[in-house]
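Structure first, commentary second.
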Amino acid sequence: MMISDAMNAKLNEQIASEFAAAHSYLAMACSFDGLGYKILAKRFFAQHEEERDHALKILRFVQEVGGSVALEVIPKPQTQYASAADIVNAALESEKKITEQVNAIAALAESEKDYATRSFINWFVDEQVEEVASMAELANLIELAQGNILQVETRVRHDMMAKP
Ligand code: MG
């Protein structure tokens, strides 16, 4: 095995966190759908798929370095939200938490001189900068819209179409 037991455990925790985030985004997508915001529902459903890809990316890395994959229980996500702002703020908090976890993996890799994991996790360090920025931008848009979520949806749809 090319990684320590401690790193193996930490990566398994991260796989669970990414799956939990995927599950949570799916619940958020359903909440948006229930509120009638179909574009935001679509945006969050896409986010759900991205998080699942993150989990699988880490899972494959653990396999590649000869670690053992342990799939943890995924907690039941929050399914009831009062408003679009509530959903987006919860997503922003979650991305901040995931950023801390990713940074902790980078820090452990450095302390163990585990350059393979340090290099691998860098993609996630960069990804989290983007995730936090885009969720903060969405939270800001909702605040600026002062309750006009349909206006937010127009902008989100435009951004989604412009995405490469
Ligand atoms: Mg992620």
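The values are calculated or read from the model by the stated rules, or taken from the named source; none is laboratory data. Quantities reported herein were computed from a predicted structural model and do not represent experimental measurements. All Cβ positions, even for glycine, are placed from backbone atoms using ideal geometry, and neighbour counts span all protein chains on display. All accessible areas refer to the heavy atoms of the entire protein, side chains included, with ligands and DNA or RNA removed. Shrake-Rupley method; radii C 1.70, N 1.55, O 1.52, S 1.80 Å.
For the charge dipole of the chain, defined by +1 on Lys and Arg C-beta atoms and -1 on Asp and Glu C-beta atoms about the Cα centroid, which residue among Phe45, Leu150, Ala136 has the Cα displaced farthest towards the positive pole? Comparing the listed Cα positions along the dipole, Leu150 ranks first. Take region 5-162 with all the other protein chains still there, run a 1.4 Å probe, and you get 53 Å² of accessible area per residue. Mean residue ellipticity, 222 nm, helices only, the chain: the sum of -39500 (n - 2.57) across DSSP H runs of n ≥ 4, divided by residue count and rounded to 500, is -28500 deg cm²/dmol. Taking the Cβ of Asn103 as the center, what net charge do the other residues with Cβ under 14 Å away carry, scoring Lys and Arg +1 and Asp and Glu -1? That works out to -3. Each other residue within a Cβ distance under 15 Å of Pro77 adds +1 if Lys or Arg and -1 if Asp or Glu, for a net charge of -4.
Give me the percent of the accessible area of region 38-164 that comes from carbon and sulfur atoms, probe 1.4 Å, all protein chains in place. Before the final figure, lay out each step's value.
On the way: 4030 of 7500 Å².
The nonpolar share, carbon plus sulfur, comes to 54 percent.
Which of Ala29, Ala90, Ala104 ends up with the largest GNM mean-square fluctuation for the chain, with Cα atoms connected below 10 Å? With Cα springs under 10 Å in the chain, the top fluctuation among Ala29, Ala90, Ala104 is at Ala104.
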